[in-house]
Amino acid sequence: MNAASDSLQVAFDRVFGAIDQARRAFVPAIVAREVGTVLSVATGIVRVGGLPGVGYAELIRFPGDVSGIAFNVDDAEVGVVLLGENTLVHAGDQALREGRVTDVAVGDGWLGRVIDPLGRPLDGQSALPGERRAPIERPAPTIMARSPVVVPLQTGLKVIDALIPIGRGQRELILGDRQTGKTSIAIDTIVNQRGRDVVCVYCAIGQRASAVAKVVAVLRREEALAYTVVVVAEGNDAPGLSYIAPYAATSIAEHFMEAGRDVLIVYDDLTQHARAYRELSLLLGRPPGREAFPGDIFYIHSRLLERATHLNKAHGGGSLTALPIIETEAEDISAYIPTNLISITDGQIYLSPTLFQLGVLPAVDVGKSVSRVGGKAQLAAFRAVAGDLKLAYAQFEELETFARFGAHLDDDTQQSITHGQRIRACLKQPELAPVPVEAQIAIVLALSAGLFDRIPMERMSDAEHAVRDAAEKSVPDAVRQRLLGADKLSDQDRAAVIAVARQALMPFAPAPQAGAPATPV
Ligand code: ATP
Ligand code: MG
């Protein structure tokens, strides 16, 4: 009896001990929270009073699950950029400080997904469970954390890989008028990363839903969606969402870069982004500057693109290559936003509507395009001939204008034009048809050796395909390895590739006894 009451006592002590311990450990979570009041609501912005302690860029929550970013922090009121429908917020509503900046869920789980800039799924699938969140804005990696751009990012487009090469970690602007093939270049580049261990992020800003759906369908069909994240702020979304979209997409991309991977990010396009920011700034009463853009428009783009880089080994060795897109009006590349972006990026690919109408696709204007970094990262085999090729092509573009006037041309000039026409024909390429590097090198070597010059223009397409097939089939494996290596191409290897191309072109050249010069177009 006594023993039983003792053991009961022990059990009681244990239970009460545990309760007592839990009681001591309990810290009442009373958190003081500032609650403000919505004073007025306009398109995309809200003015809030009664939040004296709010910080710049802090997240504010409204009823109806709408949030906003504190943008204008004044004494009496706060100008908040809405990240949702303004019809859901009313004057007099409560506004709650979240005590943190805007962030987005990041993680490997986003691959193959279509999401909005706040990380809400747009593809009908579930949200990312238990993943890390990262602020959408943060300082770019320091200079000490970066290393030079040395590895090429192959776009699979001959005109770019040969003449305007892009390196991993570079920022290359794609600009041109409406409907000149800007998105196509970016999509082709994403599709070409299949099997290359490059993660891609496509950030659509201010586009129509149908245009985005088309891009997603193409990526899915080309089996490129599996390694791509699509971040979408549609044209009819709140301007605040368009404004944060590229920053959020960059945070999602940085997650992969920090894991040591190579990442490609496309911003399609930053003209819409600049417009959204201008709209917000004007609504918030900030003074307009050139073209009514606010004074800090350069800064908002530069701090975005500064985040693209190649990290050094100590920081994992990952890279983030950025392809921002800008739409020009009436081919005016010296307008405010294009010049800003040109000076921020490491080069630009300019797409000409004139070339587009002539059917020279991709419509890259080589004379106005440049890559200020990629040349160092270009494969040595390309680099050896790219300079000559670019020069010959640029000369041809100038001469072509003269030739149009029907002027009598001397033999040398005629030869330059013939050669230039062959270069242009070889650089043409349909969409979604990436060309492997070794085939590209074979074409470029054959071009610079003048092998195409005798081939009639109407047979150029077939001839180019023949060289491409031959390069894939007949170039010995050992030579192929060296073509893709970093070392300079030896004379023997070069001769071997040219011999393969010459063989492939035999059926296309006119019979030698005809002695006819190649037919001009
Ligand atoms: P927007 O200004 O509307 O965004 P964009 O400049 O992004 O247009 P795209 O949508 O990429 O242009 O292309 C415009 C049209 O040109 C599309 O119909 C596309 O299929 C076609 N196109 C682009 N590149 C090529 C190509 N290399 N070969 C054939 N057609 C092409
Ligand atoms: Mg487009």
Filter Lys214/Lys428; Lys313/Lys473; Lys313/Lys368; Lys182/Lys376; Lys214/Lys376; Lys376/Lys428 down to the pairs with a C-alpha to C-alpha distance above 32 Å, please. Lys313/Lys473; Lys313/Lys368; Lys214/Lys376
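Can you list the DSSP H helices in the chain whose Cα atoms extend at least 30 Å along the helix axis and whose mean Kyte-Doolittle hydropathy is 0.0 or higher? Mind dumping the intermediate values first?
Details: long enough: 2-25 (34 Å, -0.14); 380-404 (36 Å, 0.15).
Answer set is 380-404.
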Pick out, from Val437, His419, Thr401, the residue whose Cα sits farthest towards the positive end of the charge dipole of segment 341-457, with +1 on the Cβ of Lys and Arg and -1 on the Cβ of Asp and Glu. Val437
Kirkwood-Stokes translational diffusion coefficient of segment 201-246, alpha-carbon pairs, 10 °C, 1.306 mPa s, µm²/s: 147
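Segment 347-392: D in µm²/s via Stokes-Einstein (Kirkwood Rh, Cα pairs, 37 °C, 0.692 mPa s)?
Numbers: Rh = 11.7 Å.
Using the Kirkwood radius from Cα pairs, D works out to 280 µm²/s.
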Given the whole protein assembly as supplied and a 1.4 Å probe, what does the accessible area of Tyr299 come to in Å², nearest 10? 130
Report the accessible area of Asp74, computed with a 1.4 Å probe over the heavy atoms of all protein chains in place, in Å² rounded to the nearest 10. 90
Give or take rounding to whole Å, what are the principal axis extents of the alpha carbon atoms in segment 96-149, in descending order? 41, 34, 18
Where only alpha carbons of segment 410-512 are counted, the Rg and the Dmax (Å): 13.8, 44
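Counting only protein heavy atoms, what percent of the accessible surface of segment 1-48 is carbon or sulfur at a 1.4 Å probe? Please list the in-between numbers first.
Details: 2490 of 3910 Å².
C and S fraction of accessible area: 64 percent.
Counting Lys and Arg as +1 and Asp and Glu as -1, each charge on the Cβ, what is the dipole of the chain about the Cα centre in debye, to the nearest 20?
On the way: 51 positive and 61 negative charges, 164 e Å.
My answer is approximately 780 debye.
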Percent antiparallel among DSSP beta bridges confined to segment 239-377, nearest 5, equals 45
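Could you tell me which GluC sites (Glu not before Pro) in segment 118-183 are loop residues by DSSP with no more than 16 other beta carbons within 10 angstrom of their beta carbon?
On the way: sites: Glu131, Glu137, Glu172; in loops: Glu131, Glu137, Glu172.
Loop-located and lightly packed - Glu131.
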1.4 Å probe accessible area per residue over segment 300-346, in Å²: 32
Please compute the Cα-Cα pair-distance distribution of the chain with 20 Å bins starting at 0, giving whole percents from short to long. 20, 44, 23, 9, 3, 1, 0
Write down the percent of antiparallel bridges among all DSSP beta bridges whose residues are both part of the chain, to the nearest 5. 55
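So what's the back-of-envelope 222 nm ellipticity for the chain, counting only DSSP H runs of four-plus at -39500 (n - 2.57) apiece and dividing by all residues, rounded to 500?
Working: 16 runs with 206 residues, N = 521.
The per-residue figure over the chain is -12500 deg cm²/dmol.
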To the nearest 10 square angstrom, how much accessible area does Asp6 have with a 1.4 angstrom probe? 100
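With viscosity set to 1.002 mPa s and temperature to 20 °C, compute the Stokes-Einstein D of segment 303-452, Rh being the Kirkwood radius across alpha carbon pairs; µm²/s, no decimals. Show your work: numbers first, answer last.
Working: Rh = 17.8 Å.
Answer, rounded: 120 µm²/s.
Using a 1.4 Å probe on the protein chains only, how many percent of the accessible area of segment 225-357 belongs to carbon and sulfur? Before the final figure, lay out the partial values.
On the way: 2160 of 4130 Å².
It is 52 percent, rounded to a whole number.
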Starting from the Cα of Tyr299, step 7 Å toward the Cβ, then list every residue of segment 221-253 with an amide N under 20 Å from that point. 240, 243-248
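State in Å² the accessible area per residue of segment 1-143; use a 1.4 Å probe, count heavy atoms of protein chains only, and round to the nearest integer. Before the final figure, lay out the partial values.
Details: 8340 Å² over 143 residues.
For segment 1-143, the solvent-accessible area averages 58 Å² per residue.
The values are calculated or read from the model by the stated rules, or taken from the named source; none is laboratory data. Worth saying up front: this structure is predicted, and the values here are computed from it rather than measured. All Cβ positions, glycine included, derive from the backbone under ideal geometry; neighbour counts span all protein chains shown. In case anyone asks, the SASA skips ligands and DNA or RNA and just uses the protein heavy atoms, side chains included. Shrake-Rupley method; radii C 1.70, N 1.55, O 1.52, S 1.80 Å.
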